[in-house]
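What follows is a set of notes on a single structure, which appears directly below.
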Amino acid sequence: MLLVEIIYDQLKTPKSIEELHQRLNESGIRWNKAQVELFLQMDSNIKKIGDIYSAAGNDLNNIILDVIDKAIEGKPVIPIKKIMEYVPSDITVSAEEISKIAEQSGRYILHPNGAVLMRAEN
């Protein structure tokens, strides 16, 4: 697999520079963070929203789902207001939009109180 393919494969799910750098090191690519960041900035197929990089084609829904995954990490439920703390500062999204994206994914359901997301039963 080519270096570019490895990076694109890693960025199918949005990641921070730190997370991508760690994953690339685990794959045997011994670049420092500055080298990884330079590559990401130079490649027009890579999108940056806030501090999160992704391969082109990832949209707001994927970024929000990644944020929810990071926020809920190991917990069965999480308040939507808590999820909003994880959203990058340059993304404007309402609690209602987060709820809608989460429910449409099939991975989460909205608690009857409307303020908490729960993992969907598999």
Quiz prompt | Top-ranked residue in region 1-17 [being surrounded by 12 or more Cβ atoms within 10 Å (Cβ to Cβ) and either in contact with a Pro (Cβ under 6 Å, 6 or more places away or on another chain) or of a type in the set (A, V, I, L, M) (or both); ranked as modelled with the highest pLDDT] | solution = I17
Self-check item: Selection within region 84-106 - open to solvent by 20 Å² or more (accessible area, probe 1.4 Å) and within 13 Å of A120 (Cβ to Cβ)
Solution: E103, Q104, S105, G106
Quiz item: Given the conditions (1) under 30 Å from E103 (Cβ atoms); (2) open to solvent by 30 Å² or more (accessible area, probe 1.4 Å), which single one is not true for L20?
Solution: (2)
Self-check item: Residue among K47, K81, K75, K70 that alone is surrounded by 12 or more Cβ atoms within 10 Å (Cβ to Cβ) and within 25 Å of R119 (Cα to Cα)
Solution: K70
Quiz prompt | Evaluation of I109 against (1) surrounded by fewer than 15 Cβ atoms within 10 Å (Cβ to Cβ); (2) more than 17 Å from the chain's Cα centre (by Cα) (one fails), failing number | solution = (1)
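The values are calculated or read from the model by the stated rules, or taken from the named source; none is laboratory data. This structure is a prediction, so every number in the text was calculated from the model and none was measured. Neighbour counts run over all protein chains shown; Cβ positions are idealised from the backbone, glycine included. The accessibility values were calculated without ligands, DNA or RNA, using every heavy atom of the protein model including side chains. Shrake-Rupley method; radii C 1.70, N 1.55, O 1.52, S 1.80 Å.
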